[in-house]
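All remarks here apply to the structure that follows.
The values are calculated or read from the model by the stated rules, or taken from the named source; none is laboratory data. Here the structure is a predicted model, which means the values were calculated and not measured. Cβ coordinates were reconstructed from backbone atoms using ideal geometry, including for glycine residues, and neighbour counts include every protein chain displayed.
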């Protein structure tokens, strides 16, 4: 169990793996059966979605705006962005740079993400719409 005062540090390590696009390292933060609201569950599905994002936006990065931790949950507000150079969810590359606000809540068990819910990619898709 990670104490709530250590969760922002834990999240920074998770985000570092994400910003390096290191799918193996990211897997180390996920329970194999991780649940995601309104998305396919499991670590493999999560990593497949990230691989698609990283292929379409090879310079994609996140930065933390704010975190709030309590008990076994951490809520995060991030800014994320990158340049759309590959196909993404049926949309051909536009070469547009996008910048989006993301909000997520993660539930941790034994130091791993067991469940997640968040704002989705609606804003991202709006910005690359041709």
Given (1) touching a helix residue (DSSP H, G or I) at 6+ places or on another chain (Cβ under 7 Å); (2) buried (at least 16 other Cβ atoms within 10 Å of the Cβ); (3) assigned to a helix (DSSP H, G or I), index of the condition residue 7 fails = (1)
Mind counting the residues in the stretch 21-74 that are touching a helix residue (DSSP H, G or I) at 6+ places or on another chain (Cβ under 7 Å) and closer than 22 Å to residue 95 by Cβ?
-> 6
Does residue 38 qualify as being surrounded by 17 or more Cβ atoms within 10 Å (Cβ to Cβ) and on the phi > 0 side of the Ramachandran plot?
-> no
Has the stretch 102-117 got any residue that is surrounded by fewer than 17 Cβ atoms within 10 Å (Cβ to Cβ), without any contact (Cβ under 8 Å) to a residue 24 or more places away in the chain and out of contact with any strand residue (DSSP E or B) (no Cβ under 6 Å at 6 or more places or on another chain)?
-> no
Only residues in the stretch 54-69 that are within 23 Å of residue 109 (Cβ to Cβ) count as the first member; pair them with residues that are in a loop (DSSP other than H, G, I, E, B) and at pLDDT below 95, Cβ under 9 angstrom, at least 6 apart or cross-chain, and list the lot.
-> 69/2; 69/3
